[in-house]
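The values are calculated or read from the model by the stated rules, or taken from the named source; none is laboratory data. These numbers were taken from a predicted model, which means no experiment stands behind them. No Cβ is skipped: glycine too gets one built from the backbone with ideal geometry, and neighbour counts run over all protein chains shown. For accessibility, only protein heavy atoms count, side chains too; no ligands or nucleic acids. Shrake-Rupley method; radii C 1.70, N 1.55, O 1.52, S 1.80 Å.
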Amino acid sequence: MFKGAAHTVREKNKEEEDKVMTILKATSSASFPTDTEPFKEAFALMDSRGGGVISIEAIYEFCETFPTPPPPMHIRKLYSYFDEDGSGDIDPEEFIGLCMALERLTGLKTGIMCDHFK
């Protein structure tokens, strides 16, 4: 790889990282939504195992159905951030934050995301 090309890749990765960090900061400072029904519906749709938690693989599958899916790197970063208890799975409360961040990242509301997934 050329020196210039490597620099360009690093710059792009830095820009992508900055974008995700901006979304995380904005989501963390946002107030908890009063209408949680769309999030509950989305969680139920994705909790195919019925275990009350969602794996990162389920989030990948969910996001792959969007018109413009977010990069896997962004999904991993958001997933890790919102997995507050470090369990490796997302519970219903953690899921609300994750969905709010996905809304900011994709420009899609949670209900629309679900429509693409169904």
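Restricting attention to the range 91-98, does a residue exist that is aromatic (Phe, Trp, Tyr) and over 23 Å from Lys25 (Cβ atoms)?
no
Taking helices (runs of 4 or more DSSP H) that do not extend beyond the range 28-99, which have at least 1 residues that are touching a Phe, Trp or Tyr at 6+ places or on another chain (Cβ under 6 Å) and touching a residue at least 40 places away in the same chain (Cβ under 8 Å)?
Per the criteria, 37-46, 56-64.
Would you confirm, using the coordinates I've provided, whether Asp83 is acidic (Asp, Glu), open to solvent by less than 70 Å² (accessible area, probe 1.4 Å), within 15 Å of the chain's Cα centre (by Cα) and modelled with pLDDT of 90 or more?
Spelling it out, Asp83 is indeed acidic (Asp, Glu), open to solvent by less than 70 Å² (accessible area, probe 1.4 Å), within 15 Å of the chain's Cα centre (by Cα) and modelled with pLDDT of 90 or more.
Give Ile23, Ile90 a once-over and let me know the one that is touching a Leu at 6+ places or on another chain (Cβ under 7 Å) and modelled with pLDDT under 90.
Answer to the check: Ile23.
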